[in-house]
Each structure stands twice: as C-alpha cells, then as structure tokens.
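Down below is the structure, laid out as structure tokens.
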Amino acid sequence: RKDYLDWIKNEISIFAYLDLTNMFHWQDVLGWKFRIEDVIEQLFTFPNIKEVKIYYGLNPRDRKNSEAFLNRIKKAGANLRPNPPKEMKFIKKDIDEGLFFQRRTITLLDKEARSKIRELIEWLQNSGIIIEEPKCNFDVEITMDMLDDVEKLTTVMLFSGDSDLLKPLERLKVRGKK
C-alpha cells in the first residue's frame, strides 16, 4: 500500500523485530509462503530500517539443519537473537478433538462425522503416537532488546502475534516512539 510505504519512508530510524516462530505460524494458518532471506532483503530496501533482529531457536533434534538455517539468517544481514540461540523445547500435546478442531467446528459436524473423529482420536491415543510441539518463547528477549534500543530508534516494526508484547509497545509509545 502506498500510504504504508510513504509512512516507512518518513521515519528516521526503524528497528524491525521478527518473531519467526509466529511468522511460520502465519504461513500455516494464512497460507502465506515466504523465505526469510527475502523478507530480510525486502526490509533492507528501505534505508531507514537500521536493524533487523530475528528471534528463532535452535532445534537440538536436528542441530545440523537448524544451524544451517540460522546461518542463512545471519548471512542475509539480520541480527540473530538471542546470541547464542536458545534451544527449542518440545511440549507433549494431548491427543483430543481440540488438537485438530476448534470447539465450534466440531458442533457443525453431524453425529456420524463426530463419531468418526472420535474413533480416529481413540485410535491415535491407543497407538502410542506422541505428538510434540516445538516451543521457544522470546517475549522477554524482544522486550529487553526494544528497551535497550529505545535511544537509537524512532519506530518499532514488530512481526509477532504475541499479545504479551502489547504492554512493552505501549511503554515505547509513551516515550514518543511509534
């Protein structure tokens, strides 16, 4: 959008903070496809974007590929945070309807469909399959970096879906930042 591009051009010193796990979630939920190197390159086409900080963890179960991915981020010119990277933890998920469907979606299905879903879930529960979700929260690190950078920036550009970052952003706004 032209108004957005004009806004970016008028800012003096923008620091971008990208919570990559949230961005990958957008890819899954919204069907967006991106290469992080392309996102970084696009951000740096604006001369007033002074720094791009990317928050993403190291997968200890696939260390070689994970390190290669993190190196691609650094090679693209972004500042990988934290440094050294935090290791992802894996959280075991309960296998139930909520893992696959929102509650209101289940209510839209007829009795036969709900029965089939229950059968599948029961089969999964009895199969010994373990479903784990990688987790690596960066709320504190992003907040601390924004506060550390407050004197160097006029504007924060945040890529995250984390509502925990609302209060730190409000604090920056009180200090005259956008």
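Which shape class, rounded, prolate or oblate, goes with the stretch 1-104 when its Cα gyration tensor gives a ≥ b ≥ c as root eigenvalues, a/c under 1.5 marks rounded, and past that a/b bigger than b/c marks prolate?
It is oblate, given that a/c is not under 1.5 and a/b is not larger than b/c.
Treat every Asp and Glu Cβ in the chain as -1 and every Lys and Arg Cβ as +1, leave all other atoms uncharged, and give the resulting dipole magnitude about the Cα centre to the nearest 20 debye.
Dipole magnitude for the chain comes out near 260 debye.
When the solvent-accessible surface of protein heavy atoms is calculated with a 1.4 angstrom probe, in what order do ILE49, ILE129 fall, highest first?
Greatest to least solvent exposure: ILE129, ILE49.
Determine the calculated [θ] at 222 nm for the chain from helices alone, applying -39500 (n - 2.57) to every DSSP H run no shorter than 4 residues and normalising by the residue count; nearest 500 deg cm²/dmol.
-14000 deg cm²/dmol, from helical runs alone.
Given springs between every Cα pair under 10 Å in a Gaussian network model of the chain, which of LYS111, LYS33, LYS50 has the largest fluctuation?
Of the options given, LYS111 has the highest mean-square fluctuation.
For a quick check of your reading of the filter: which GluC sites (Glu not before Pro) in the stretch 130-178 sit in a DSSP loop and have no more than 11 other Cβ atoms within 10 Å?
For GluC sites (Glu not before Pro) across the stretch 130-178 that sit outside H, G, I, E and B with at most 11 neighbouring Cβ atoms in 10 Å, the list reads GLU151.
Of the residues ASN59, ASN71, ASN126, which exhibits the maximal mean-square fluctuation in a Gaussian network model of the chain defined by a 10 Å Cα contact cut-off?
So, out of ASN59, ASN71, ASN126, the one fluctuating most is ASN126.
Give the long-range amide H neighbours of ASN79: residues separated by 5 or more places, or on another chain, with amide H under 5 Å away, using H modelled in the peptide plane at 1.01 Å from N.
VAL52, LYS53, ILE54
If you find the alpha carbon centre of the stretch 136-178 and of the stretch 1-77, how far apart are they in angstrom?
16 Å
All other residues with a Cβ under 14 Å from the Cβ of ARG103 taken together, and with Lys, Arg as +1 and Asp, Glu as -1, what is their net charge?
0
Apply the Karplus parameterisation 6.51 cos²θ - 1.76 cosθ + 1.60, with θ equal to phi minus 60°, to every residue of the stretch 111-126 and state each ³J(HN,Hα) to the nearest whole Hz, in sequence, with x for glycine and proline.
Running phi through 6.51 cos²θ - 1.76 cosθ + 1.60 with θ = phi - 60° gives 4, 5, 5, 4, 5, 5, 5, 4, 4, 4, 5, 4, 4, 4, 4, 7 Hz.
The values are calculated or read from the model by the stated rules, or taken from the named source; none is laboratory data. Only a predicted model underlies this, so the values are computations on that prediction, with no experimental measurement involved. Neighbour counts run over all protein chains shown; Cβ positions are idealised from the backbone, glycine included. Please note that ligands, DNA and RNA were not included when accessible areas were found on the heavy atoms of the full protein model with its side chains. Shrake-Rupley method; radii C 1.70, N 1.55, O 1.52, S 1.80 Å.
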